[in-house]
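The structure under discussion appears below in the form of structure tokens.
The values are calculated or read from the model by the stated rules, or taken from the named source; none is laboratory data. Only a predicted model underlies this, so the values are computations on that prediction, with no experimental measurement involved. Virtual Cβ from ideal backbone geometry, glycine too; neighbours counted across all protein chains shown.
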Amino acid sequence: MLEKALSSIKVLDLTHYVSGPYATKLLADMGAEVIKVERPRTGDPCRNLGPFVADNPHPEKGLLFLYLNGNKRGVTLNLKGGDGKEILQALLRWADLVAVNFAPSTLEELGLTYEEITAVNPSAVVLSITNFGLTGAYRDYKAWDLVEYALSGLMYIFGAHDQAPIAHALHQAQFRAGTLAGGAALIALYGSLNGASVSAHGSRGNLVDVSVMEVLSASLRDTVSQYTYQGVVRRRTPRFGRGLGRTVAAADGYLIPTMTGAGTDWDIFAEFLGAPELKNEKFATQEDRIRNAEELDQIITRVFLERTKLDLFHNAHAWRFHFGVVLTPKEVSESEQLHDRGFFVQVDHPIAGRLTYPGASALYSETPWEAMIPAPTLGQHNQEVYGKLLGYSTGDLMTLRSSGVI
């Protein structure tokens, strides 16, 4: 069996909900040894987010939690109690990377600031993911995906210009932040393990401060530069009047039709659609098509509604047009392209049963990704971690459990 790329990395995962668990999942999936810490009795609040297996709102059946926490060992620990602090410090000393996504004020309350963590483990890399970063005027503001999209500026350019701005669904701000945070943590670990981050005090640690707002704002690309140098505020795209390059309804769904431009003229596109009226001189040039956009939209809309989306999609590529088809979740799960690459994986969970999840977003020839173990049940690895790793006896663990420490 090939060795995993990150098998020598030890991660203490003190995160919850989405962004932090996704960052540490990316590391765990590549072989990092990740210990996830949850509250005793209640666990990560993400356990209570639906959808649930068989629509049963059970803390061990939340599909989002199960996806985010595979390949991790799980323990419970009260971070606020005195005995809990002692165990926490032992875990901090064990870790190469400590991941947190509490608010700055909560980090201070729990004694989990970068300075306090590196006082216990000077070589630790600390990954912090917060809504707005550890500094700045908004550092203590609470937020969720919709707020983060709005304040980042990214939301302003999504949607139709005559409608309200829209944001992406399904915790996409958190997933994007988690993706960047996972990569940023690896960069910091590489520097730390190679001595690049040795400070004047001898620490080899590093603080990685990830702001969800900044992750989204970075996606604006040239939008900010366009305003800075041209004074132009990019607006949302009109729903009509663009002809191609917009979402168009077919008989059974939606497509994104575009032309290749290279060696393909408008008359050939008209032949492909079986719409000779598009050969009218009023649509001959791009300027003509913009000038007569409303009539063009009506023709394209009518023609597309007469055919199915996959028929248009596959035939378009045979004619060398770049068409995209908008797939439903069901169609994505049945995608021959994704199945050909082994994208979907099955994981057996002791309570939730067999689950199918997205697998790796990149394939590695020598250090392959693998779905090894399901997400832990609450406190599943207390005995293994606290007993075998930290040396607590069975009696100690019974006392800690009865007193609510674990």
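Listing for the model above:
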| read-out | value |
| --- | --- |
| Among the candidates G111, G133, G62, G70, residue that is over 24 Å from V215 (Cα atoms), surrounded by fewer than 20 Cβ atoms within 10 Å (Cβ to Cβ) and in the same structural domain as V210 (by TED's automatic domain parsing) | G111 |
| Hey, F158 surrounded by fewer than 17 Cβ atoms within 10 Å (Cβ to Cβ), outside the structural domain of P329 (by TED's automatic domain parsing) and within 22 Å of the chain's Cα centre (by Cα) or not | yes |
| Residues of the stretch 152-172 that turn out to be in contact with a Phe, Trp or Tyr (Cβ under 8 Å, 6 or more places away or on another chain) and of a type in the set (A, V, I, L, M), as a count | 3 |
| Scope the stretch 353-388; condition among the acidic types (D, E), over 19 Å from the mean Cα position of the chain (by Cα) and under 20 Å from G74 (Cβ atoms); matching residues | E384 |
| Residue selected from the stretch 349-387 under the condition of a type in the set (D, E, K, R) and farther than 23 Å from Q337 by Cβ, by the criterion surrounded by the most Cβ atoms within 10 Å (Cβ to Cβ) | E384 |
| Entirely in the stretch 298-359, the strands (runs of 3 or more DSSP E) that have 1 or more residues that are touching a Ser or Thr at 6+ places or on another chain (Cβ under 7 Å) and touching a residue at least 12 places away in the same chain (Cβ under 8 Å) | 322-326, 344-349 |
| First in the stretch 226-245 and aliphatic (A, V, I, L, M), second anywhere and at pLDDT below 70 and surrounded by 10 or more Cβ atoms within 10 Å (Cβ to Cβ), Cβ under 8 Å, 6 or more apart | L244/M259 |
| Hits in the stretch 286-297 (condition: among the polar types (S, T, N, Q) and either touching a residue at least 60 places away in the same chain (Cβ under 8 Å) or in a helix (DSSP H, G or I) (or both)) | Q286 |
| Matching residues in the stretch 360-389 - criterion: being more than 14 Å from V34 (Cα to Cα) and either in a strand (DSSP E or B) or touching a His at 6+ places or on another chain (Cβ under 9 Å) (or both) | T377 |
| Residue among L207, L189, L220 that is surrounded by 15 or more Cβ atoms within 10 Å (Cβ to Cβ), under 30 Å from T328 (Cβ atoms) and at pLDDT 75 or above | L220 |
| Qualifying positions in the stretch 167-186 - at pLDDT below 85 and either touching a helix residue (DSSP H, G or I) at 6+ places or on another chain (Cβ under 8 Å) or in a helix (DSSP H, G or I) (or both) | A167, H168 |
| Scope the stretch 1-48; condition assigned to a loop (DSSP other than H, G, I, E, B) and within 26 Å of W144 (Cβ to Cβ); matching residues | L14, T15, H16, Y17, V18, R39, P40, R41, T42, G43, D44 |
| Residue tally, condition at negative phi and out of contact with any strand residue (DSSP E or B) (no Cβ under 8 Å at 6 or more places or on another chain), over the stretch 171-186 | 9 |
| Test: residue in the stretch 356-374 that is within 23 Å of S7 (Cβ to Cβ), at pLDDT 95 or above and not assigned by TED's automatic domain parsing to the domain that holds W266 | yes |
